[in-house]
Amino acid sequence: MDDADLSSVQARPRRSPLVLRALALTCLLEPSCQANGAVEPAVKSSLAPPSTIPAEPKHDESPLPPSSTSHREFYRPKWIDADQDCQSTRIEVLTAQATGDIEFEDERRCNVVRGRWRCPYTGEVFHDPHELDIDHLVPLKNAWDSGASAWTEERWRQFANELEQGEHLVAVSAKANRSKGARGPDEWLPPLAESRCAYMRDWAAIKARWELGASEAEAAAIESARALCEAGQIPRLPQDAKAEIQLPIPEPTPGDLVDTCCKVCRKGKACGNTCIARDKTCSVGPGCACDG
């Protein structure tokens, strides 16, 4: 959305900053979205968020503590038992997302000890629930930085324990979840290619539903993913792209390409100006070494 679009929005009835940020995110995903928030009839984007955003519940609780308390411990999930059935939010998610029979610790069914789960981020299958994390698809820290710092404690608790929308909390490989951390889709996407478009769609839907904003890099990643997914393509992994930047493979220069070899690699293979073992990977261009 450019400056002209934003001025058009601001000229209309006043909206809260959170609503404006959520509207901007929605407009990135819906090609027919207008600056005033209206949406013309059109074919819905594959990454379009929900058309409605639930109203914030009314309550009298005081706002969340100031950002000085926003350390790592603050973002750890604090599971609750909302329906008082002895199952915490974690157990509710494990029970709902199991892909096979599950076993409980005892007849009370308060704790899961075994089951079958397929991680949507990696495709791996797990039977031990201790190998799984319950991932906030939009991480708590990202939500805080995107507008949740202005919420009340009750609304924050609701976001952290949301069970109504199945994409909000996901049972995933602990390794994959910790690899993701608090990163947005501009920095991390599921390694499993078939999951990336759904992940981006769900990310945008959660942001819109909870009236959260997006950084410029995050918004650009969502727009790029929308175009790729609509074209039947798969967004590439941003984490791999960063690795390529950190470990570039040098291009050969004219000075590296010589007509004769000064070193013949009879027991290994050529790699630039040296010889290396045949089972090693060469990460440099041609040099004066050659295979004999």
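Read-outs throughout are calculated quantities, based only on the coordinates presented, and are distinct from any laboratory measurement. Everything numeric here is computed off the predicted structure, so don't read it as measured data. No Cβ is skipped: glycine too gets one built from the backbone with ideal geometry, and neighbour counts run over all protein chains shown.
How many nm separate the modelled label positions at Val125 and Thr99, each set 7 Å beyond the Cα in the direction of the Cβ?
0.7
Rounded to whole Å and sorted largest first, list the principal axis extents of the Cα atoms in the stretch 160-216.
Between the extreme Cα coordinates on each principal axis of the stretch 160-216 lie 29, 28, 21 Å.
For the stretch 137-174, state which GluC sites (Glu not before Pro) are in a DSSP loop and have at most 12 other beta carbons lying within 10 Å of their beta carbon. If you can, show how the numbers build up before the last one.
Details: sites: Glu153, Glu154, Glu162, Glu164, Glu167; in loops: Glu162, Glu164, Glu167.
In loop regions of the stretch 137-174 (DSSP not H, G, I, E or B), the sparsely surrounded GluC sites (Glu not before Pro) are Glu164.
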